[in-house]
Amino acid sequence: MAKKNLPWEGGCRCGRVRLKISAKPLLTMACHCAGCQKMSSSAYSLSAAIPAEGFEVTRGEPVIGGLHGVTRHYFCPHCMSWIFTRPEGMDWFVNLRATMLDDTSWFAPFIETWTREKLSFAETGAVYSFETLPEMNAYEGLVKEYMARDEA
């Protein structure tokens, strides 16, 4: 799958939850926070911010897991794969775990966040690194730069 060829499909490990992506990611990320480390059982989580109108669950019913707080983390109820997140107050995008896509060959994190909590050996190759999260006013420029690179 070439990055520009939409729609993309994906799903959880057992295949009971399937999804379709019909819009290009706004941004790709790696998060080093301790919460993502625990929820992904890895050094960091990988995600792609997908415009909400370009994200669809086509099979199955994901359930909320993680901390069950205002930020909603969705999992497969059977295999418990962490599939996507809907961040609090940001309903215009879905933070898809990029490894849920059937083809991840195009994926690379553009930014990495929470590097102050990263494991000493963890490297992502991200273009930009942030000790915590970027300032809210920085996201517009990051998205524009990421999208421009995608168009080139």
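The values are calculated or read from the model by the stated rules, or taken from the named source; none is laboratory data. Since we're looking at a predicted model, the values are computed, not measured. Neighbour counts run over all protein chains shown; Cβ positions are idealised from the backbone, glycine included. We work out accessible area using only protein heavy atoms, side chains counted, and drop any ligands, DNA or RNA first. Shrake-Rupley method; radii C 1.70, N 1.55, O 1.52, S 1.80 Å.
Sort through V57, V63 and tell me the only one that's over 27 Å from K118 (Cβ atoms), at pLDDT 95 or above, open to solvent by 30 Å² or more (accessible area, probe 1.4 Å) and in contact with a Pro (Cβ under 6 Å, 6 or more places away or on another chain). Steps first, please.
Working: V57 fails: in contact with a Pro (Cβ under 6 Å, 6 or more places away or on another chain).
Residue meeting the stated conditions: V63.
Looking only at the stretch 109-124, which residues are within 16 Å of the chain's Cα centre (by Cα) and either of a type in the set (K, R) or farther than 20 Å from W82 by Cβ (or both)? Don't jump to the end; show me each part of the working.
Narrowing the stretch 109-124 to residues within 16 Å of the chain's Cα centre (by Cα): 109-114, 124.
Within the stretch 109-124, just F110 meets the criteria.
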(request) Please go through the stretch 117-144 and pick out each residue that is outside any loop (DSSP other than H, G, I, E, B) and touching a residue at least 24 places away in the same chain (Cβ under 8 Å). (result) E117, Y139, L142, V143
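Identify all residues within the stretch 96-116 that are part of a helix (DSSP H, G or I) and either under 26 Å from H68 (Cβ atoms) or modelled with pLDDT under 95 (or both); write none if there are none. Walk me through how you get there before you give the answer.
Within the stretch 96-116, the subset part of a helix (DSSP H, G or I) is 98-100, 115-116.
Answer for the stretch 96-116, where residues must be part of a helix (DSSP H, G or I) and either under 26 Å from H68 (Cβ atoms) or modelled with pLDDT under 95 (or both): A98, T99, M100, R116.
Listed residues F121, F93, F84; which is open to solvent by less than 70 Å² (accessible area, probe 1.4 Å), among the aromatic types (F, W, Y) and at pLDDT 95 or above? Even if it seems obvious, please write down each step before you answer.
Values: F121 fails: open to solvent by less than 70 Å² (accessible area, probe 1.4 Å); F93 fails: at pLDDT 95 or above.
Only one candidate qualifies: F84.
With S22, S41 as the choices, which residue is open to solvent by 30 Å² or more (accessible area, probe 1.4 Å) and without any contact (Cβ under 8 Å) to a residue 12 or more places away in the chain? Talk me through it step by step, then tell me what you get.
Details: S22 fails: without any contact (Cβ under 8 Å) to a residue 12 or more places away in the chain.
Just a single option satisfies the conditions, and that option is S41.
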(request) Please indicate, with yes or no, whether at least one residue in the stretch 71-80 is modelled with pLDDT of 95 or more, open to solvent by less than 20 Å² (accessible area, probe 1.4 Å), assigned to a loop (DSSP other than H, G, I, E, B) and in contact with a Lys or Arg (Cβ under 9 Å, 6 or more places away or on another chain). (result) yes
(request) Please name all residue pairs, on different chains or six or more residues apart, with Cβ atoms under 6 Å, provided the first residue is in the stretch 80-96 and is without any contact (Cβ under 8 Å) to a residue 40 or more places away in the chain and the second residue is in a loop (DSSP other than H, G, I, E, B) and open to solvent by 20 Å² or more (accessible area, probe 1.4 Å). (result) P87/T71; E88/V70; E88/T71
(message) Here are the criteria: (1) free of Cβ contacts under 8 Å to residues at least 60 places away in the same chain; (2) open to solvent by less than 50 Å² (accessible area, probe 1.4 Å); (3) aliphatic (A, V, I, L, M). Tell me which single one A148 does not satisfy.
(response) (2)
